[in-house]
Each structure stands twice: as C-alpha cells, then as structure tokens.
Amino acid sequence: MSVAKLHLNGRDIELPVTLGTEREVGLDIGALRSSTGAITLDPGYGNTGACTSAITFIDGERGILRYRGYPIEEIAEGASFVEVCFLLIYGRLPNRAELDEFDEKLTYHSLIHEDMKKFFEGFPPSAHPMAILSAMVASLSAYYKQSDEDLNIIRLLSKAKTIASFSYKKSVGQPFMYPRNDLSYTENLLHMLFAVPAEPYQVPKVLDRALNLLLILHADHEQNCSTSTVRMVGSSQANLFASISAGICALWGPLHGGANQRVIEMLETIRQDGSDYQKYVRMAKDKDSGFRLMGFGHRVYKNFDPRAKILKRAADEVLTELGVSDPLLDIAKNLEEVALSDPFFIERKLYPNVDFYSGILYRAMGIPTEMFTVMFALGRLPGWIAQWKEMTDEPGTRIARPRQIYTGAPERHFEPLAVREKTAELVLA
Ligand code: ACO
C-alpha cells in the first residue's frame with residue numbers, strides 16, 4: 001500500500017501513504033488543497049498527524065508506551081530520570097562517562113541568576129506556582145542567548161527545578177534553599193523543596209525513588225496538547241525558553257496536566273461529602289451535571305494508561321513504606337472499581353489516567369496540591385525539549401499554520417457609526 005485514492009469534485013487524486021515503524025498509517029495530504037481546493041477538518045486533531053517523530057511511541061488500544069523504543073515498564077524499573085532525559089533528548093542511552101558528564105553539567109547549571117530571585121518578590125504569596133514557573137522560564141531568555149542552544153537545554157533542565165522549588169518556598173514564606181552540588185538531580189529537588197536553613201535535612205530514600213519514578217513516567221507523551229504547543233510556538237523560531245514556557249501554560253489546564261490537582265480536590269470533596277463516591281459516579285454519568293471524574297479518560301489510551309498501572313502499585317508501596325494511611329486513596333480505589341464496572345465508563349473506554357494516582361503519591365510525599373502540575377512540568381521538560389529539538393533540527397520545518405472553514409457572515413459593507421446610529425433611531429421610532 002503506497003497511495004490512497006480520494007474522489008472529490010469529480011476528480012481522483014492520489015494521497016501518498018506514510019508508514020510508521022509500527023505500521024501506523026498516515027495519509028499525506030500535502031497536495032490536497034493545491035489540487036482540489038479542499039482542506040481537512042478535524043477539530044481537536046483526533047485524526048491529524050502534525051509531524052513524524054522518532055521519540056515516543058504510543059499504542060492507545062493496547063496500552064503501550066515506549067521512549068525511543070524502550071517500554072515504559074522497563075525504563076521505570078531500571079533507569080534514573082537524568083538517564084531518561086539523555087535518552088529522550090539525544091536519542092540513545094548514555095554510557096557511564098556520558099551520563100556522568102551530563103549529570104555534572106546539570107548539577108553545575110542549577111543556580112539561577114541572583115537578579116531573578118527578585119522576581120519572586122513581585123508575585124503575591126497566593127500566586128499559583130504554574131504562573132510563576134511559566135513566567136520565570138520565559139524570563140530565562142532575557143539572560144541567555146538563543147544561539148547557545150546546547151547549553152540552554154542543560155540550563156533549562158537544571159534551573160527549572162530551582163525555580164519550581166523557589167516558587168514553593170515563596171508560597172509558604174520560607175527562605176529559598178540553594179541547590180547543593182553533592183546531591184543528585186532528584187535529591188536536589190527534594191532538598192530545595194523541603195530543607196530549611198535552621199536544621200539539617202537528609203533526603204529520604206523512599207521519596208527520592210518515588211520522585212524519580214514520577215518524573216520518568218511524565219517525561220514524554222508524543223503530540224499531546226502541551227507538546228504540540230511547544231512545537232507550534234517553536235515553529236515560528238521562537239527560542240527554547242519561550243517555546244517551553246508556552247508548553248507549561250498549556251499543561252496547566254485541568255483537561256491536561258492540571259488534572260492531577262483537580263483529582264485530589266475532587267477526592268477531598270467526596271471525602272467531606274461523607275465519602276459517597278457512588279453519588280459522584282452518578283453525577284459523572286449525567287451530562288447535565290457538567291461534572292467529570294477527574295483523572296479518567298484519555299484521548300489516546302482506550303485500554304488502560306500503562307503509567308497509571310505503574311503508579312497505582314507505587315502508590316501502595318510508598319504509602320506503606322511512609323506509614324501514611326490516606327482516606328483519599330481508599331476513595332480513589334472505590335471510585336476506580338465502580339467506574340470500571342459501570343457500562344457508561346466501559347462503553348466509552350474511560351480508564352484511570354496517569355493523573356489519577358500521581359496526586360495521591362505527591363500528597364503522601366508532602367508536596368502541596370498546587371505544586372502537582374509543576375511537578376508534572378518538571379517531568380515533562382525532557383520530552384518538550386526533545387520534541388522542540390527534533391523539530392528545529394529537521395531541515396525544511398515550516399511554521400505551523402492550520403487553516404479553517406469560515407462560518408461567519410458573508411461579505412457585507414461597513415457603515416460609519418453615525419449612519420448606524422441613525423438607522424437604530426429609525427428602527428426604534
Ligand atoms: N468523566 C465522565 N465522562 C467522561 C470523562 C470523564 N472523565 N471523560 C470523557 N467522558 C465522556 C464524554 O462525556 C463523552 O461522552 P459521549 O460520547 O456520551 O458524549 C465521551 O466520554 C468521550 O469524551 P471526550 O470529551 O470526547 O474525549 P476526549 O478525548 O476529547 O477528552 C479528556 C479526553 C480531556 C482526557 C477527557 O476524558 C476528560 O475530560 N477527562 C478528565 C480530565 C483528565 O483527567 N485529564 C487528564 C488527561 S491525561 C493528561 O493530560 C496527562
């Protein structure tokens with residue numbers, strides 16, 4: 001199979017077929033408009049491939065996720081987040097020397113310019129940390145030249161966690177904790193979040209392991225809303241920091257990364273309402289209620305989200321190890337059980353997604369609810385960077401510029417305000 005035929009307006013045209021590694025089929029419609037005058041219409045892009053990419057493979061029907069060909073289950077079991085960053089961005093696993101060098105660079109670029117610390121003073125204490133993160137990441141472009149692309153990748157990966165931690169410290173009114181060069185990437189993040197200058201802080205191993213897992217599971221997810229935003233903005237040749245800042249804003253929405261915060265808020269509401277989860281399942285099924293079960297459903301996964309499976313197990317293990325018993329976890333499990341046995345959810349293939357269990361874990365780790373989406377953003381950074389780099393490295397990348405089908409008024413003629421007023425007076429009279 002190498003071409004598809006389309007019959008339109010009395011004409012036959014041939015659409016070349018592009019096959020992916022896993023035999024995914026794409027119709028190349030590059031010549032559609034020039035040869036027929038028609039465009040495709042696909043709101044929400046459910047059927048539209050915007051690029052070819054060698055980074056991440058997802059088979060939503062079979063619940064498969066692979067980074068650069070490696071199954072997520074194997075990566076989650078054996079890799080470090082820094083290794084995954086290298087893999088996603090440079091396309092292969094590092095050897096020991098490469099990993100050490102990469103790790104060292106990440107360590108030595110984690111300080112932010114002292115002037116940037118003053119920015120934090122300008123935000124109100126109630127500022128959402130996603131607002132701070134996106135603004136500060138865009139601001140990095142004021143300090144570093146666009147041409148230093150390789151170094152900017154390192155700077156961004158490294159400084160974003162410092163910015164994220166400072167935004168948390170600002171919200172709780174604690175002094176900023178500087179990164180320490182003797183700590184690993186994830187240890188440093190935990191240190192900057194939870195240490196205070198008044199006493200020593202030993203990073204608990206269980207938190208370090210859980211954070212490593214969470215960051216890895218969020219590291220890339222091919223052409224989702226925020227990644228497509230990064231590519232869209234980057235296609236205008238906007239710099240790396242500006243493009244990723246736009247992705248952070250896209251991630252913030254409750255239908256995307258913001259869902260992890262909403263899941264916990266929903267579970268908390270259910271708990272305060274006597275833990276009657278059945279009532280909320282009924283509400284989710286009633287279209288007039290406007291209520292959705294947060295953390296359920298996915299545009300791509302129609303079987304299960306493999307990340308949710310891993311996180312569910314990890315949540316159990318981490319909570320046991322920390323000795324935390326969280327009533328919200330019980331509600332979450334009940335909700336999942338009811339929803340998965342109910343025909344409404346079965347017919348629509350609505351399974352728990354990654355956000356359903358990540359919130360429980362973040363909560364057990366002592367990370368406040370408003371920081372959940374920030375943690376997601378830190379995890380997604382290597383994916384956004386890899387996708388941005390893949391796009392900008394590809395010769396012939398064009399600016400992303402979708403078309404539309406216009407449904408507004410046909411041509412009409414402008415009347416000056418005085419004439420419109422006169423017409424209105426006549427109508428009233
Ligand atoms: N609760 C109840 N019903 C739902 C839910 C839900 N969470 N999700 C989808 N549905 C229903 C819809 O009402 C619709 O029903 P219908 O066919 O009878 O009209 C059907 O399932 C399909 O839903 P769509 O909105 O068309 O699915 P879409 O692919 O556009 O949206 C999305 C996917 C945004 C994830 C959606 O499932 C949702 O809103 N989920 C809750 C928010 C959430 O958890 N987002 C995180 C996603 S994962 C991530 O970004 C990291």
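The values are calculated or read from the model by the stated rules, or taken from the named source; none is laboratory data. None of the values given here were measured: they were computed from a predicted structure. Positions of Cβ are backbone-derived with ideal geometry, glycine not excepted, and every protein chain shown enters the neighbour counts.
Quick notes
- The stretch 56-74, residues that are part of a helix (DSSP H, G or I) and touching a helix residue (DSSP H, G or I) at 6+ places or on another chain (Cβ under 6 Å): 72
- Residue in the stretch 387-399 that is part of a helix (DSSP H, G or I) and within 16 Å of the ligand (Cβ to nearest atom) present: yes
- Hey, residue 286 touching a helix residue (DSSP H, G or I) at 6+ places or on another chain (Cβ under 7 Å) and either farther than 26 Å from residue 58 by Cα or surrounded by 22 or more Cβ atoms within 10 Å (Cβ to Cβ) (or both) or not: no
- The set of residues from the stretch 320-337 being touching a Phe, Trp or Tyr at 6+ places or on another chain (Cβ under 9 Å) and surrounded by fewer than 16 Cβ atoms within 10 Å (Cβ to Cβ) comprises just one member, 334.
- Annotation note: Cβ proximity below 7 Å between a residue of the stretch 31-47 that is within 16 Å of the ligand (Cβ to nearest atom) and a residue that is among the basic types (Lys, Arg) and modelled with pLDDT under 95 (sequence gap 6+ or interchain) occurs for 46/299.
- Here is the figure for the stretch 248-284: residues that are within 18 Å of residue 214 (Cα to Cα), out of contact with any Cys (no Cβ under 6 Å at 6 or more places or on another chain) and within 13 Å of the ligand (Cβ to nearest atom) total 10.
- Some residue of the stretch 238-257 being in a loop (DSSP other than H, G, I, E, B), farther than 25 Å from residue 352 by Cβ and out of contact with any His (no Cβ under 9 Å at 6 or more places or on another chain): yes
- Every residue from the stretch 285-308 that is of a type outside the set (Val, Ile, Thr), within 11 Å of the ligand (Cβ to nearest atom) and in contact (Cβ under 8 Å) with a residue 60 or more places away in the chain: 294, 295, 296, 298, 299, 301, 302, 305, 307
- Test: residue 318 is β-branched (Val, Ile, Thr) and away from the ligand (no atom under 12 Å from the Cβ): yes
- Every residue from the stretch 149-197 that is over 20 Å from residue 247 (Cα atoms) and exposed (fewer than 13 other Cβ atoms within 10 Å of the Cβ): 172, 173, 175, 181, 182, 196, 197
- Residues satisfying the criterion are present in the stretch 357-368 (criterion: surrounded by 24 or more Cβ atoms within 10 Å (Cβ to Cβ) and either within 11 Å of the ligand (Cβ to nearest atom) or assigned to a loop (DSSP other than H, G, I, E, B) (or both)).
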